[in-house]
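The values are calculated or read from the model by the stated rules, or taken from the named source; none is laboratory data. Remember, predicted model here, so these are calculated numbers, not experimental data. Virtual Cβ from ideal backbone geometry, glycine too; neighbours counted across all protein chains shown. Heads up: the accessible areas ignore ligands, DNA and RNA and are worked out on the full protein's heavy atoms, side chains in. Shrake-Rupley method; radii C 1.70, N 1.55, O 1.52, S 1.80 Å.
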Number of protein chains: 2
Amino acid sequence: MPPVEGPDFELIELLFFAYRDFVGEPDRLLEKHGFGRAHHRVLHFVNRNEGLTVAELLEILEITKQSLARVLKDLVSGEFIEQRAGTEDRRQRRLYLTERGRDLAEALVGMQGRRIARAIAKADPAARPVIARFLAELIDPQRPASPVPESA
Amino acid sequence: MPPVEGPDFELIELLFFAYRDFVGEPDRLLEKHGFGRAHHRVLHFVNRNEGLTVAELLEILEITKQSLARVLKDLVSGEFIEQRAGTEDRRQRRLYLTERGRDLAEALVGMQGRRIARAIAKADPAARPVIARFLAELIDPQRPASPVPESA
DNA sequence: GAAATTATGTCAATGTTGTTGACATATTTC
DNA sequence: GAAATATGTCAACAACATTGACATAATTTC
């Protein structure tokens, strides 16, 4: 009989520790604004997908509108995010970053981007596509391929 | 001038979605016992490092003893984890899994292990070491290399 | 054009998991 | 015996998630 491989404890734990530090560094910057991880996610996906609707953001984040409302209120009242009624459908509240919002979002993505760039450089720069594929395969298959919905 | 690469949005987001689903599947099993992610982490690291002390577990998890106490109480009263006084130092409460605890821990690690095995198989089985290295490099450097403290 | 549906917002209650601060107990070390 | 250590516990609080109910404005449908 071929040996039965047990669970890959090493990768399971590396994923835990890696993710913790990956979000831990941004956490410290967010704290200075009184924000948390939930604010980070909103800033990130609005930055990546400017003008998206509230419904689209809820789909990406997979949280309830009540959860989103709380952090969105902080971000709007702090003038990091702006809401504008949709031109076609004026019920929609499309989300845009202000200058402050863009600055913060870019500082956060800069931290995470540099951490990833460093890690890839040390691991093997040629392996980036394989790493991307690995992470993509970790995601539940029935999910829509891209986090970027068509919302023009 | 060489082009300045921006942050790697793709990997940043893949890490977010991958981690969410990676812990989301275990979440659904834990729920049946009335447990959450915090319980999962404790079960996992006790399984991996049986007989470890409370202090060692706190160092791995980087949480306060009050946070640990809550979930540990659930796990002990539900007979998933057993505490035994250390033989050398009887102030210590060393942690062990019961049979139920081991069953649950193994079911959880099985889910995560299979997900990782599938993802590696689809990405490139030969790339496992590079992926491990990448994740390891994502971790803050000043951290002790291995999650397994010497506690014999 | 009235009725139904949709997009969004909001109020209230609740649960999990984290925090800080203070204090108690048992055991070991000096 | 006094001090330090390992652990536990009480209380208050914060962040972020949930469910359920209801409100408003705009769009779509009949």
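Couple of notes before you dig in:
- Of A:Lys32/A:Lys65; A:Lys32/A:Lys73; B:Lys73/B:Lys122; A:Lys65/B:Lys122, pairs whose Cα-Cα distance is over 29 Å: B:Lys73/B:Lys122; A:Lys65/B:Lys122
- Put simply, the amide H of B:Glu82, placed in the peptide plane, has neighbours under 5 Å in B:Tyr96, B:Leu97, B:Thr98, leaving out anything fewer than 5 places away on its chain.
- Accessible surface, per residue, of segment A:9-138 when the full set of protein chains is kept, probe 1.4 Å, Å²: 50
- A Cβ-based charge dipole, computed about the Cα centre of segment B:11-137 with Lys and Arg at +1 and Asp and Glu at -1, lands at about 100 debye.
- Charge dipole (chain B, unit charges on Cβ, about Cα centre) - positive-most of B:Val23, B:Ile60, B:Leu97: B:Leu97
- Loop-located GluC sites (Glu not before Pro) in segment A:66-142 (DSSP state other than H, G, I, E, B) with a sparse environment of at most 14 neighbouring Cβ atoms within 10 Å: A:Glu79, A:Glu88.
- Here, the protein assembly as shown is characterised by an Rg to Rh ratio of 1.00, where Rg is the alpha-carbon radius of gyration and Rh the Kirkwood radius.
- Value of relative contact order over segment B:1-91, rounded to a whole percent, pairs C-alpha under 8 Å and six or more apart: 17
- Alpha-carbon geometry of segment B:9-138: the Rg and the Dmax are 16.6, 51 Å, given in that order.
- For segment A:1-43, applying the loop criterion from DSSP together with a ceiling of 16 other beta carbons within 10 Å to the trypsin sites (Lys or Arg not before Pro) yields A:Lys32.
- Stretching the chain fully between B:Arg70 and B:Ala132 yields a gain of 19.1 nm (0.36 nm per residue, less the alpha carbon separation).
- Placing +1 on each Lys and Arg Cβ and -1 on each Asp and Glu Cβ, with no other charges, gives the protein assembly as shown a dipole about its Cα centre of roughly 560 debye.
- Pairs of Cα atoms nearer than 8 Å and 6+ residues apart set the relative contact order; for chain A it is 23 percent.
- Of A:Leu29, A:Leu138, A:Leu68, the one that fluctuates the most in a GNM where chain A has Cα springs shorter than 10 Å: A:Leu138
- Residue-averaged 222 nm ellipticity for chain A, from DSSP H runs of 4+ at -39500 (n - 2.57), nearest 500: -20000 deg cm²/dmol
- When both segment B:48-88 and segment A:1-52 are represented by their alpha-carbon centers, they are found 25 Å apart.
- Under 15 Å, Cβ to Cβ, from A:Glu82 - net charge with Lys/Arg +1 and Asp/Glu -1: +1
- Comparing mean-square fluctuations of A:Gly34, A:Gly101, A:Gly24 from a GNM of chain A with C-alpha springs under 10 Å, the top value falls on A:Gly34.
- Per-copy distances of the A:Ser77 label point, shortest first, in nm (7 angstrom along Cα→Cβ): 3.7
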